[in-house]
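Visitor: Below you will find the structure I want to go over with you.
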Amino acid sequence: MRIDGLSLDFFRNYVHLDAAFDPNINVIYGDNAQGKTNLLEAVAYLSGVSHRARYDRELIQFGVDHAFLKGHVFARERDFLLEAELHRGARRVLRSNGVKLKNGGELSGIFQSVLFCPEDLYLIREGAAARRGFLDDCICQLRPRYAQALAEYKRLHEHKIRILRDSEEKPSLLDALDEFSMSMAKAGALLIHYRAHFIKRLCQAAPAIHGDFSGGRERLTLRYETVSTVTDPEAGPQVIFQQLLQHQEEHRAAEIASRQCLSGPHKDDLLVEIDEKAAKSYASQGQTRTAALSLKLAAREIFQQDTGEYPVLLLDDVLSELDPRRQEFVLNRIRGGQVFITCCEDDRLPQLLGGRIFHVKNGTVR
Ligand code: ATP
Ligand code: MG
């Protein structure tokens, strides 16, 4: 899987860009704030993932009303022209070979990417939401049904919270509560089922990568932590559904009092341990980076096992922070797929890596 060409109009700080990429290694270098991350973000966007922008309007150039992205992608032995039109105050339009797509999930079904950036240290360090986000991003790209269930679950969750919040003033709202609990348990059980399956595969791939990374000196372990209600996340959607539903029924009064949904996949976590100690509390800077990178590279391998092709790997500002041995390890690990690597102006990586080298300056690329 690869992206051969990218055109941008009014995307972030690019007024216009036409770039042709190398099938293997693309190095993007330049000073700070010139557009390196923006370029990676555009590639990620065409794979249905937005890692930085909460709203599409943030991607549109300041003072302009619309932005266009176009990518020539080769996947599953076929060529695709993927397009995104973003408009301020109107819905975006996505197309594949001229045919309109319903949502970003359909882009992910065609083209996949895995991004690793400095913010990913939060994946290890921060609260559970960061790790749930990682799981969601990965599984959404692999399973369209998960993306649907996730959107549905988020919608139900927000609605149920509104009911719980407003019921004090308007008690009749509580009439709908049981129905919401039932639907949330159904969508939630599916999410937990998929997450359990994905984490099982991560548990196979990530520790091996981390072990190689640390020269066999450290052991990474991962564990899926669901709310105590769900006794076995691998038990299958039906069993999980019953347990989630039962918990909501038993805690109806508590949910109304606290105005919160007390059980479900929005409470999940992925526990990451290094040598049996919680990485979140004890890992050093280097260990944190290594663990986060191991998770991302493991995800890349799972994608490859699933689709038969490596997703495009986007490494933003991370390689230069590793020592030469670890750099070499990463470079050996990632052979076989297309990679985009950003680094700073005075870095020696461009000479080291080869491939195609792009110099970015103020939204233009040479
Ligand atoms: P660094 O090395 O610091 O990470 P970078 O080259 O990765 O820098 P980018 O994150 O790509 O920098 O951002 C480049 C510039 O784009 C920034 O100055 C940013 O303010 C600008 N920018 C971001 N969003 C928009 C937008 N919607 N319209 C115009 N410019 C934008
Ligand atoms: Mg950047």
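The values are calculated or read from the model by the stated rules, or taken from the named source; none is laboratory data. Just so it is clear, the model here is predicted, and its values are computed rather than measured. Don't worry about glycine lacking a Cβ; one is built from the backbone with ideal geometry, like all the others, and counts go over all protein chains shown.
Visitor: Going by the conditions given, is N362 free of Cβ contacts under 8 Å to residues at least 60 places away in the same chain and either away from ligand 1 (no atom under 16 Å from the Cβ) or over 25 Å from the mean Cα position of the chain (by Cα) (or both)?
Guide: Numbers: free of Cβ contacts under 8 Å to residues at least 60 places away in the same chain: no; either away from ligand 1 (no atom under 16 Å from the Cβ) or over 25 Å from the mean Cα position of the chain (by Cα) (or both): yes.
So N362 fails the test.
Visitor: Being out of contact with any Gly (no Cβ under 9 Å at 6 or more places or on another chain) and crowded, with 17+ Cβ neighbours inside 10 Å narrows it down to one of E309, E273, E328, so name that one.
Guide: Numbers: E309 fails: out of contact with any Gly (no Cβ under 9 Å at 6 or more places or on another chain); E328 fails: crowded, with 17+ Cβ neighbours inside 10 Å.
So the residue among E309, E273, E328 that is out of contact with any Gly (no Cβ under 9 Å at 6 or more places or on another chain) and crowded, with 17+ Cβ neighbours inside 10 Å is E273.
Visitor: Here's a follow-up. Suppose we filter the stretch 27-69 for residues that are more than 15 Å from ligand 2 (Cβ to nearest atom), closer than 15 Å to V114 by Cα and in a loop (DSSP other than H, G, I, E, B); how many remain?
Guide: 4
Visitor: Where residues in the stretch 245-255 are out of contact with any Ser or Thr (no Cβ under 6 Å at 6 or more places or on another chain) and surrounded by 17 or more Cβ atoms within 10 Å (Cβ to Cβ), which of them is nearest to F180 (Cα to Cα)? Step through it out loud before you land on a result.
Guide: Applying the first criterion (out of contact with any Ser or Thr (no Cβ under 6 Å at 6 or more places or on another chain)) to the stretch 245-255 yields 245-246, 249-255.
Okay, now just the ones that are also surrounded by 17 or more Cβ atoms within 10 Å (Cβ to Cβ), so 245, 251, 255.
On the way: L245: 10, H251: 14, E255: 13 Å.
The extreme case among them is L245.
Visitor: May I pose another question? Assess whether R52 counts as being within 11 Å of ligand 1 (Cβ to nearest atom), among the basic types (K, R) and either out of contact with any strand residue (DSSP E or B) (no Cβ under 6 Å at 6 or more places or on another chain) or free of Cβ contacts under 8 Å to residues at least 24 places away in the same chain (or both). So that I can check it myself, show each step before the final result.
Guide: Working: within 11 Å of ligand 1 (Cβ to nearest atom): yes; among the basic types (K, R): yes; either out of contact with any strand residue (DSSP E or B) (no Cβ under 6 Å at 6 or more places or on another chain) or free of Cβ contacts under 8 Å to residues at least 24 places away in the same chain (or both): yes.
Spelling it out, R52 is indeed within 11 Å of ligand 1 (Cβ to nearest atom), among the basic types (K, R) and either out of contact with any strand residue (DSSP E or B) (no Cβ under 6 Å at 6 or more places or on another chain) or free of Cβ contacts under 8 Å to residues at least 24 places away in the same chain (or both).
Visitor: Another question, then. Looking at the structure I just gave you, is G5 touching a residue at least 24 places away in the same chain (Cβ under 8 Å) and away from ligand 2 (no atom under 15 Å from the Cβ)? So that I can check it myself, show each step before the final result.
Guide: Working: touching a residue at least 24 places away in the same chain (Cβ under 8 Å): yes; away from ligand 2 (no atom under 15 Å from the Cβ): yes.
It is true that G5 is touching a residue at least 24 places away in the same chain (Cβ under 8 Å) and away from ligand 2 (no atom under 15 Å from the Cβ).
Visitor: Could you say which residue among L69, L101, L81 is outside the structural domain of P144 (by TED's automatic domain parsing) and buried (at least 22 other Cβ atoms within 10 Å of the Cβ)? Even if it seems obvious, please write down each step before you answer.
Guide: Working: L101 fails: buried (at least 22 other Cβ atoms within 10 Å of the Cβ); L81 fails: buried (at least 22 other Cβ atoms within 10 Å of the Cβ).
None of the other options fit; the residue is L69.
Visitor: Continuing with the same structure: Given the criterion on the phi < 0 side of the Ramachandran plot, without any contact (Cβ under 8 Å) to a residue 60 or more places away in the chain, among the charged types (D, E, K, R) and in a helix (DSSP H, G or I), identify the matching residue among R155, R132.
Guide: Within the list R155, R132, the selection yields R155.
Visitor: Name the pairs: first residue in the stretch 27-39 and on the phi > 0 side of the Ramachandran plot, second residue modelled with pLDDT of 95 or more and within 9 Å of ligand 2 (Cβ to nearest atom), Cβ to Cβ under 7 Å, at least 6 apart or on different chains?
Guide: From residues that are on the phi > 0 side of the Ramachandran plot, the pairs are G30/K36.
Visitor: Now a separate question. Which of the residues that make up the stretch 13-26 are in contact (Cβ under 8 Å) with a residue 12 or more places away in the chain and farther than 20 Å from V318 by Cβ?
Guide: Here is the first cut: in the stretch 13-26, the ones in contact (Cβ under 8 Å) with a residue 12 or more places away in the chain are 13-15, 17-26.
Within the stretch 13-26, N13, Y14, V15, L17, D18, A19, A20, P23 qualify.
Visitor: Another question, then. With the condition kept exactly as written, say whether any residue in the stretch 352-361 is in the same structural domain as F213 (by TED's automatic domain parsing), of a type outside the set (K, R) and surrounded by fewer than 17 Cβ atoms within 10 Å (Cβ to Cβ). Break it down stepwise before answering.
Guide: Let us first name the residues in the stretch 352-361 that are in the same structural domain as F213 (by TED's automatic domain parsing), namely none.
Checked the stretch 352-361: no residue is in the same structural domain as F213 (by TED's automatic domain parsing), of a type outside the set (K, R) and surrounded by fewer than 17 Cβ atoms within 10 Å (Cβ to Cβ).
Visitor: Continuing with this model, one more query. Suppose we filter P207, P233 for residues that are part of a loop (DSSP other than H, G, I, E, B) and farther than 30 Å from S167 by Cα; which single one remains? Lay out the reasoning, then the answer.
Guide: Numbers: P207 fails: part of a loop (DSSP other than H, G, I, E, B).
Exactly one residue qualifies, and that residue is P233.
Visitor: When you scan the stretch 180-199, do you find a residue that is buried (at least 17 other Cβ atoms within 10 Å of the Cβ) and either over 21 Å from V239 (Cα atoms) or not assigned by TED's automatic domain parsing to the domain that holds C138 (or both), even just one?
Guide: Within the stretch 180-199 (the criterion being buried (at least 17 other Cβ atoms within 10 Å of the Cβ) and either over 21 Å from V239 (Cα atoms) or not assigned by TED's automatic domain parsing to the domain that holds C138 (or both)), the answer is no, since none of the residues qualifies.
Visitor: Kindly indicate which of F62, F80, F74, F11 is among the aromatic types (F, W, Y), within 9 Å of ligand 1 (Cβ to nearest atom) and within 24 Å of A147 (Cβ to Cβ).
Guide: Numbers: F62 fails: within 24 Å of A147 (Cβ to Cβ); F80 fails: within 9 Å of ligand 1 (Cβ to nearest atom); F74 fails: within 9 Å of ligand 1 (Cβ to nearest atom).
None of the others qualify; the one that does is F11.
Visitor: Shifting gears a bit: Taking only pairs six or more apart or across chains, which ones have beta-carbon atoms under 6 Å, a first residue in the stretch 311-337 that is assigned by TED's automatic domain parsing to the domain that holds Y29 and assigned to a helix (DSSP H, G or I), and a second residue that is within 16 Å of ligand 2 (Cβ to nearest atom) and at pLDDT 80 or above?
Guide: As it stands, the answer is L319/I341; S320/C343, since those pairs meet every condition given.
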